[in-house]
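Down below is the structure, laid out as structure tokens.
The values are calculated or read from the model by the stated rules, or taken from the named source; none is laboratory data. These numbers come from a predicted model, not from an experiment. Cβ coordinates were reconstructed from backbone atoms using ideal geometry, including for glycine residues, and neighbour counts include every protein chain displayed. These area figures cover heavy atoms from the full protein model, side chains too; ligands, DNA and RNA do not enter into them. Shrake-Rupley method; radii C 1.70, N 1.55, O 1.52, S 1.80 Å.
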Amino acid sequence: MRRSAVCLSSLAVASGKVYFSETFGDGWDSRWTASQLKDSEGTAGKFVASAGKWFADEAEDTGIQTSEDSKFFGLSAGFESFSNEGKDLIIQYQAKYEKNVECGGGYVKIGPKMADATTFGDPTPYNIMFGPDMCGYTKRTHLIFNYKGKNVLKKADMAYKQEGEGTSHIYRLVVKPDNTVRVEIDQEKIYEGSMKEDWELLAAKEISDPDDKKPSEWADSSMMDDPEDKKPDNWVEEKRTVDSAAKKPDDWDDEEDGEWEAPMIDNPEFKGEWSVKRISNPAYVGVWEAKKIANPEYVDDESVYKFADFGFIGFDLWQVKGGTIFDNVIITDDVAEADAFAKKWAALSEVEKAKKKEEDDKKAEEAKAATPPPAADAAADDDDDDAED
């Protein structure tokens, strides 16, 4: 029997607590609440239980799957509220794309307790959003923190690893009390760094002095016109000229035809528009910048990592192509508990990779068999047939 959801902030383990875990065994739909936010629009998709086409043990490897294309998917589960103050926060889950999502997300949102889970969706405040997101060629692993009511994206995108249809990937986020973050995908580190440095959570420590003005004599142009360079007297800039060889026709009547004018032709002496030669500016002193001063609005915060209330986890997704399976969700401060879930993924991953290789090899053999033989081989076959006759 698969392990059911655990929502126990008071469950003591070796060195920490499991705040929430879910393996989507029997009764999972009674522990999760479907959002009704998109029902009136007719764009709400459904989650269904599925292990996908490749699995080791169907019952053990069953998760929940986005079952329709071009739909919004909203689903959340609540648990007893807790704060991550003074301890590690580990958020981990599995995602498997049965087919290329084309445009859409596979991330989770974790936030404070909701009053009504049926309204869960884009307007719902959250603390952290974490997981893969892609649309066309734009691909990244999202990690967004809410700080003082503002959702703040990471300055630089993290690598996107959700490749290989039909195989599961495991995502782990660790938020530490020293305001650092570690992100692992498939048990490999893809990022580790500072929340203060890599997210614009705090105001800048320094700003440009608004009272500092550039000196009037400051030369910030590295190049200048050569004062010694003069346009040659014989330089011709006129692109067109009167055809000096043209003659007024003998039958031209000025009274009837108007005053005769010679036609214009391309000027054979034309050299193009003249421009003065550019030389290095001897007075150049560099690009001017206002001096930096302390930002009066900067306030340090040694607890940007801390959230007072975690009370739900949810999937709030739009997907052009459905088929994504989520499984083995855990929120804990105990790495041993997260590692135990990761072992489930590792065992499943080996099976999926082996079955994917079998399928890929079979497709390659079928493609090879369907390819007609080269012309030379075909001719040789004809010769053999003639010899037999």
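For this structure, a couple of remarks:
- Checked against (1) in contact (Cβ under 8 Å) with a residue 60 or more places away in the chain; (2) more than 30 Å from residue 356 (Cα to Cα), residue 105 meets all criteria but (2).
- Scanning the range 245-261 for any residue that is assigned to a loop (DSSP other than H, G, I, E, B), open to solvent by less than 100 Å² (accessible area, probe 1.4 Å) and either of a type in the set (Lys, Arg) or closer than 30 Å to residue 288 by Cβ (or both) turns up at least one such residue.
- Qualifying residue in the range 79-95 (condition: among the β-branched types (Val, Ile, Thr), part of a strand (DSSP E or B) and under 12 Å from residue 331 (Cα atoms)): yes
- Failed criterion for residue 118 (all others in (1) open to solvent by 10 Å² or more (accessible area, probe 1.4 Å); (2) part of a strand (DSSP E or B) hold): (2)
- Any chance residue 153 is of a type in the set (A, V, I, L, M, F, W, C), open to solvent by 70 Å² or more (accessible area, probe 1.4 Å) and more than 26 Å from residue 335 (Cβ to Cβ): yes
- Within the range 232-285, the residues that satisfy the criterion of being among the aromatic types (Phe, Trp, Tyr) and touching a residue at least 24 places away in the same chain (Cβ under 8 Å) are 235, 270, 274, 284.
- Among the residues of the range 262-276, just one is of a type in the set (D, E, K, R) and not in a loop (DSSP other than H, G, I, E, B), namely 266.
- Matching residues in the range 197-228 - criterion: being surrounded by fewer than 11 Cβ atoms within 10 Å (Cβ to Cβ) and acidic (Asp, Glu): 211, 217, 228
- Single condition residue 134 does not satisfy, out of (1) closer than 17 Å to residue 331 by Cα; (2) in a strand (DSSP E or B): (1)
- Selection count where residues are out of contact with any strand residue (DSSP E or B) (no Cβ under 7 Å at 6 or more places or on another chain) and open to solvent by 100 Å² or more (accessible area, probe 1.4 Å), scope the range 262-288: 7
- Hits in the range 231-290 - residues which are under 30 Å from residue 208 (Cβ atoms) and in contact with a Lys or Arg (Cβ under 6 Å, 6 or more places away or on another chain): 288
- The conditions of being touching a Leu at 6+ places or on another chain (Cβ under 6 Å) and surrounded by 13 or more Cβ atoms within 10 Å (Cβ to Cβ) are met by residue 175.
The rows are residues; the columns are (1) at pLDDT 95 or above; (2) assigned to a loop (DSSP other than H, G, I, E, B).
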| site | (1), (2) |
| --- | --- |
| 4 | no, yes |
| 9 | no, yes |
| 20 | yes, no |
| 30 | yes, no |
| 37 | yes, yes |
| 69 | yes, yes |
| 75 | yes, no |
